[in-house]
1. Quick check on segment 243-260. Is at least one of its residues within 21 Å of residue 67 (Cα to Cα) and modelled with pLDDT of 95 or more?
2. For residue 153, which of the numbered conditions (1) closer than 30 Å to residue 84 by Cβ; (2) modelled with pLDDT of 95 or more; (3) surrounded by fewer than 22 Cβ atoms within 10 Å (Cβ to Cβ) fails to hold?
3. Could you tell me which of the residues 201, 235, 243 is of a type outside the set (Gly, Ala, Ser) and touching a Leu at 6+ places or on another chain (Cβ under 9 Å)?
4. Could you grab me the full set of residues in segment 77-117 that are free of Cβ contacts under 8 Å to residues at least 12 places away in the same chain and among the acidic types (Asp, Glu)?
5. Which numbered condition in (1) at pLDDT 95 or above; (2) within 24 Å of residue 231 (Cβ to Cβ); (3) open to solvent by 90 Å² or more (accessible area, probe 1.4 Å) is the only one that residue 104 fails?
6. Residues 95, 120: which one is modelled with pLDDT of 95 or more, surrounded by 12 or more Cβ atoms within 10 Å (Cβ to Cβ) and charged (D, E, K, R)?
7. Test residue 281 against the stated conditions and say whether it is hydroxyl-bearing (Ser, Thr, Tyr) and modelled with pLDDT of 95 or more.
8. Test residue 309 against the criterion of being modelled with pLDDT of 95 or more, within 30 Å of residue 97 (Cβ to Cβ) and touching a helix residue (DSSP H, G or I) at 6+ places or on another chain (Cβ under 6 Å), and give yes or no.
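The values are calculated or read from the model by the stated rules, or taken from the named source; none is laboratory data. Since the structure is predicted, the reported quantities are computational estimates derived from the model, not experimental observations. Every residue, glycine among them, receives a Cβ derived from its backbone with ideal geometry; neighbour counts consider all protein chains shown. The accessibility values were calculated without ligands, DNA or RNA, using every heavy atom of the protein model including side chains. Shrake-Rupley method; radii C 1.70, N 1.55, O 1.52, S 1.80 Å.
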Amino acid sequence: MALLRRINQILLFLLVLTICVILYKKAYKVSTLKNETDDAEDSEEMEQEIPVVVCAAAGRMGAAMAAINSIYSNTDANVLFYVVGLRNTLSHIRKWIEQSKLREIKFKIVEFNPMVLKGKIRPDTARPELLQPLNFVRFYLPLLIHKHEKVIYLDDDIIVQGDIQELYDTKLMLGHAAAFSDDCDLPSTHEMVRSAGMQNTYMGFLDYRKKAIKDLGISPGTCSFNPGVIVANMTEWKHQRITKQLEKWMQRNVAENLYSSSLGGGVATSPMLIVFYGKHSHINPMWHIRHLGWSADARYSEHFLQEAKLLHWNGRHKPWDFPSVHPDLWESWFIPDPSGKFKLNRGGS
């Protein structure tokens, strides 16, 4: 009897041990699945985060805030704003955001060091505002934005009327580091271009009298593109060393004067036209309706502007200044400066 009791105890112990092992394995499996699900959700959230880069220059900070407001107000997407400024403007940027309705946005303030431009910009008196350091932030996106595969860059003088998710979903062809809007892609803008005397070909941006430009083998009649709206692939950008290529052409321009602001698009567009020639994808033209700042008189139809996803006041006539066209479309998104430093110019009205 003692032996039988001992055998039963051993069998009972083994049964309990087996049950414990089974329960442990089930619990471990559930825990592992939960961790994998959480990791997948975290990864998915990272992928769905839309990084948007906007510069906030000292004299036109109200433009950046209006652009940000228009983007945030017209989407449910998970947008992370990278607001880029120079050191002496960073506190002003933060105050404007945190003391206004923009306090609800997700944002990071990024300092741009203008010393990276030393020896790369040729002094130009025709349009000195184009030499403002933040005009070149788009050249250095991988140095400012680290954790994202895909990034949207926007000039400050824009208003977004569509859902920014749609722009973010722009497909980039294999091997392309960026997508832009071609200057010839929308027939509705052709009359505006002609009436304002604007250029929409490479001839308007590069000096074809120079050997370095002729040697590129680019027809002067090739349609240009506007880099005020960019959807960029950071992996390809770094792999192709795009920033180094752009800097090379900036330095060559300093030495040889290959382009200037007296031509069509100034000093930031021209090197991008060279580097991305034949190697960029295309943005839906309705996502970049431009030239609104080229003339104080030439206007688009109201219906056309209502259909537009993004409006761009590129040119001299900015919508926060006077005179300008369609300033009402811009001002509806403007957020007054809490510090009172930035004021609208409405020509005494």
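1. No, segment 243-260 has no match at all.
2. With (1) closer than 30 Å to residue 84 by Cβ; (2) modelled with pLDDT of 95 or more; (3) surrounded by fewer than 22 Cβ atoms within 10 Å (Cβ to Cβ) applied to residue 153, the lone miss is (3).
3. Details: 201 fails: touching a Leu at 6+ places or on another chain (Cβ under 9 Å); 235 fails: touching a Leu at 6+ places or on another chain (Cβ under 9 Å).
Going through 201, 235, 243 in turn, the sole match is 243.
4. If the condition is that a residue be free of Cβ contacts under 8 Å to residues at least 12 places away in the same chain and among the acidic types (Asp, Glu), then 98 is the only one that fits.
5. Answer for residue 104: the failing condition is (2).
6. After applying the criteria, what remains is 95.
7. Yes.
8. On the way: modelled with pLDDT of 95 or more: yes; within 30 Å of residue 97 (Cβ to Cβ): yes; touching a helix residue (DSSP H, G or I) at 6+ places or on another chain (Cβ under 6 Å): yes.
Judged against the criteria, residue 309 is a match.
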